[in-house]
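Before any comments, here is the structure.
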Amino acid sequence: MDRPVRGSPGAARMNDLSLHLRTAAASLSLEDFKRARDRQRVCRHRSDRQWWTLLWLLIGPGILVMLGENDGPSMISYATTGAAYGIGFFLPFIAVTFLMAFVVQEMTVRLGAATKRGHAELIYERFGRFWGFFAMGDLALGNLLTLVTEFIAIRAGLGFFGVPPALAVLGALLLNVGVALSRRYWTWERIVLGLAIFNLIFVPVAILAHPVSGEVIRSFFTWGPLPGGVTGGFVLLLMSNIGATVTPWMLFFQQSAVVDKGLTTADIRHGRIDTALGAVLAAVAAIATVIATTPLFLHHVNAASFQGADFATALAPYVGRVGATLFALGLFEAGMVAALTISLSSAYAFGEVTGSARSLNSPLRGGWPFYAVIISAAAIAAVLVLIPNAPLVFITIIVNVIAVLAMPPAIVFLLLLVNDREIMGEHANGGLANFFGIGVTVLLVLAGLGFAVITVFPKLLPT
Amino acid sequence: MTDIGDLGAVDSSESWVREVLEPDQLTTTKIHYGRRMLSRGELVLLWGLRFYVVFMVVIVGLAVWNGLHAAG
């Protein structure tokens with residue numbers, strides 16, 4: 001008998017009985033048992049109305065995607081912003097960008113929970129092979145280059161402590177491989193969550209910078225001051241920050257992680273809480289980083305060409321050795337968590353499009369392509385970072401261009417899928433969700449395109 | 001027979017798994033959704049995306065070209 005296609009004529013009559021018979025007859029995989037074990041705990045605590053435990057069990061993908069987006073280059077970007085502009089416009093601006101990120105990422109929660117499919121898988125099934133392979137391919141390329149920048153941050157962060165580059169990069173690679181080979185989504189998630197929470201290490205650095213709390217609070221109401229006013233450099237920074245609010249790997253990662261974790265439509269509310277919590281934590285860490293480097297602005301230190309560890313060194317006179325140490329550790333953490341989440345998003349997309357394993361619950365024997373993608377993506381990036389005279393600055397610039405340019409197709413497909421009532425049912429976007437979703441999408445796309453074009457044709461930007 | 005050795009002590013019967021997982025969560029029972037029927041507007045949008053992909057490749061190529069020349 002041909003496999004029925006959901007939504008096809010006559011499928012509705014067949015669905016219930018067919019589904020029951022298929023489910024009863026289906027043999028179970030090890031992946032099913034592992035996921036079921038996690039779901040059993042969720043069901044038990046839900047029925048016992050143990051809400052805090054339930055929240056603890058269900059958080060994960062949202063926090064990881066938001067804190068993962070506070071990656072090495074992002075933290076350096078926030079540090080540069082603080083050194084150039086101090087406390088003012090960019091504090092509320094950063095908060096708004098994370099609000100925009102929440103609007104987009106919340107849609108991936110509903111998509112994953114309602115369809116039980118990852119983002120690449122849905123694009124492949126609903127829009128065909130070309131778009132499925134395109135989505136996987138451009139994600140893989142963008143992710144590989146982004147992973148290079150993460151290993152740069154890891155090398156810089158640990159370099160502050162005198163760790164040789166090769167040792168820093170190899171250690172990070174081994175950690176990535178080790179965590180992935182736990183072969184248990186729950187274990188991977190909890191370890192990475194434990195690492196990710198250290199993104200808040202920038203908060204004590206901000207406190208050590210002794211900011212004037214009145215100025216910090218006032219900036220959220222006045223959106224000022226803006227030293228130097230609206231210049232070409234300010235506009236470019238604005239566009240790059242807006243354009244990079246959400247990057248493609250975030251869409252693919254969170255939706256697939258929701259599926260891998262086993263969330264269902266009953267968990268959508270907790271998925272939203274998880275995503276909102278992640279956005280708040282990430283915004284706090286980002287704003288703290290801007291505040292932490294404000295002493296450089298106040299003392300007129302030119303940080304325009306600073307690389308990662310340069311900030312830690314330059315901050316030492318103002319935040320002390322402890323503060324500088326925490327900053328360097330934060331840089332390492334930012335790169336490490338992003339490396340873990342980004343390499344996993346590549347593996348998810350690969351498995352979903354090729355029809356092979358796509359879960360951290362997969363056994364090694366049957367799931368080796370999945371684990372091979374994780375390991376090889378991280379390994380290639382690690383090797384590139386260690387090549388003498390490798391064009392790493394060039395790669396960093398190209399990554400930004402690719403990330404913002406790859407966003408429009410990814411986010412257009414997200415909107416098309418989340419409005420697809422055939423697959424989403426009652427969880428499809430309503431009018432309000434579309435208002436905010438499309439509005440944020442248009443802003444992200446235009447800012448990203450503007451940034452990319454100006455990066456390639458800098459003379460277009462008035463000085 | 002399912003190898004569940006690395007789960008430790010666990011009930012090897014399968015009924016509890018089917019109770020806690022939805023059918024679409026089982027690895028072997030997913031139904032393919034099939035291609036979406038596209039409206040005229042969506043067709044136009046996807047063709048626009050195809051042109052956008054060409055634009056994207058050109059811009060990235062130019063960025064790489066500029067970067068290589070700047071480095072050289």
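The values are calculated or read from the model by the stated rules, or taken from the named source; none is laboratory data. Since this is a predicted model, take the numbers as computed values, not measurements. Heads up, the Cβs are rebuilt from the backbone with ideal geometry, glycines too, and the neighbour counts pull from every protein chain shown.
Table: residues versus (1) buried (at least 23 other Cβ atoms within 10 Å of the Cβ); (2) not aliphatic (A, V, I, L, M); (3) not assigned by TED's automatic domain parsing to the domain that holds A:PRO164.
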position	(1), (2), (3)
A:PHE253	yes, yes, no
A:THR265	no, yes, no
A:VAL290	yes, no, no
A:ALA303	no, no, no
A:PHE332	yes, yes, no
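Do we find that A:ALA140 is of a type in the set (A, V, I, L, M), away from chain B (no Cβ under 14 Å) and out of contact with any Ser or Thr (no Cβ under 8 Å at 6 or more places or on another chain) in this structure? So A:ALA140 fails the test.
For the range A:337-390, filtering for residues that are touching a Lys or Arg at 6+ places or on another chain (Cβ under 9 Å) and farther than 21 Å from A:LEU251 by Cβ leaves 8. When the range B:40-58 is limited to residues that are of a type in the set (Val, Ile, Thr) and surrounded by 12 or more Cβ atoms within 10 Å (Cβ to Cβ), the one that is farthest from the other protein chains (Cβ to nearest Cβ) turns out to be B:VAL57.
Condition check ((1) within 21 Å of A:ALA406 (Cβ to Cβ); (2) in contact (Cβ under 8 Å) with a residue 40 or more places away in the chain; (3) over 18 Å from the mean Cα position of the chain (by Cα)) across all residues:
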site: A:PHE127; (1), (2), (3): yes, yes, yes
site: A:PHE133; (1), (2), (3): yes, yes, yes
site: A:THR146; (1), (2), (3): yes, yes, no
site: A:PHE161; (1), (2), (3): no, yes, yes
site: A:LEU167; (1), (2), (3): no, no, yes
site: A:ARG184; (1), (2), (3): no, yes, yes
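Residues checked against (1) part of a loop (DSSP other than H, G, I, E, B); (2) closer than 21 Å to A:ASP138 by Cβ:
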{"residue": "A:PHE234", "(1), (2)": "no, no"}
{"residue": "A:SER240", "(1), (2)": "no, yes"}
{"residue": "A:ASP260", "(1), (2)": "no, no"}
{"residue": "A:LEU263", "(1), (2)": "yes, no"}
{"residue": "A:HIS270", "(1), (2)": "no, no"}
{"residue": "A:ALA276", "(1), (2)": "no, no"}
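Looking at A:LEU99, A:LEU67, A:LEU91, just one residue is touching a Phe, Trp or Tyr at 6+ places or on another chain (Cβ under 8 Å) and assigned by TED's automatic domain parsing to the domain that holds A:LEU340, and that residue is A:LEU91.
Residue by residue, here is whether (1) of a type outside the set (D, E, K, R); (2) closer than 27 Å to A:ALA452 by Cβ holds:
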site: A:LEU329; (1), (2): yes, no
site: A:LEU344; (1), (2): yes, yes
site: A:THR354; (1), (2): yes, no
site: A:ARG365; (1), (2): no, no
site: A:PHE394; (1), (2): yes, yes
site: A:LEU417; (1), (2): yes, yes
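Please identify the pairs in which a residue from the range A:198-219 that is in the same structural domain as A:MET336 (by TED's automatic domain parsing) has its Cβ atom under 8 Å from the Cβ atom of a residue that is of a type in the set (Asp, Glu), counting only partners at least 6 apart or on another chain. So the pair list comes out as A:PHE198/A:GLU333; A:ASN199/A:GLU333; A:ILE201/A:GLU333.
For beta carbons closer than 7 Å, sequence separation of 6+ or different chains, a first residue in the range A:381-392 that is closer than 14 Å to A:LEU167 by Cα and a second that is of a type outside the set (Gly, Ala, Ser) and not in a helix (DSSP H, G or I), there are no qualifying pairs.
Scanning for something modelled with pLDDT of 90 or more and facing chain B (nearest Cβ under 8 Å), does the range A:43-63 turn up at least one residue?
Among the residues of the range A:43-63, at least one is modelled with pLDDT of 90 or more and facing chain B (nearest Cβ under 8 Å), which makes the answer yes.
I'd like the full set of residues that are modelled with pLDDT under 90 and assigned to a loop (DSSP other than H, G, I, E, B), limited to the range B:39-67. Those that are modelled with pLDDT under 90 and assigned to a loop (DSSP other than H, G, I, E, B): none in the range B:39-67.
The set of residues in the range A:167-214 being buried (at least 21 other Cβ atoms within 10 Å of the Cβ) and of a type in the set (Phe, Trp, Tyr) consists of A:TYR185, A:TRP188, A:PHE202.
Of the residues A:GLY425, A:GLY437, A:GLY366, A:GLY448, which single one is at positive phi and assigned to a helix (DSSP H, G or I)? That would be A:GLY425, the only listed residue that is at positive phi and assigned to a helix (DSSP H, G or I).
Note on the range A:114-127: residues that are of a type in the set (A, V, I, L, M), crowded, with 24+ Cβ neighbours inside 10 Å and more than 8 Å from chain B (Cβ to nearest Cβ) total 2. From A:ARG35, A:ARG44, A:ARG39, which residue is without any contact (Cβ under 8 Å) to a residue 12 or more places away in the chain and of a type in the set (Lys, Arg)? Result of the check over A:ARG35, A:ARG44, A:ARG39: A:ARG44.
Filter the range A:292-301 down to the residues that are aliphatic (A, V, I, L, M) and either crowded, with 19+ Cβ neighbours inside 10 Å or not in a helix (DSSP H, G or I) (or both) and list them by number. Correct list: A:ALA292, A:LEU296, A:VAL301.
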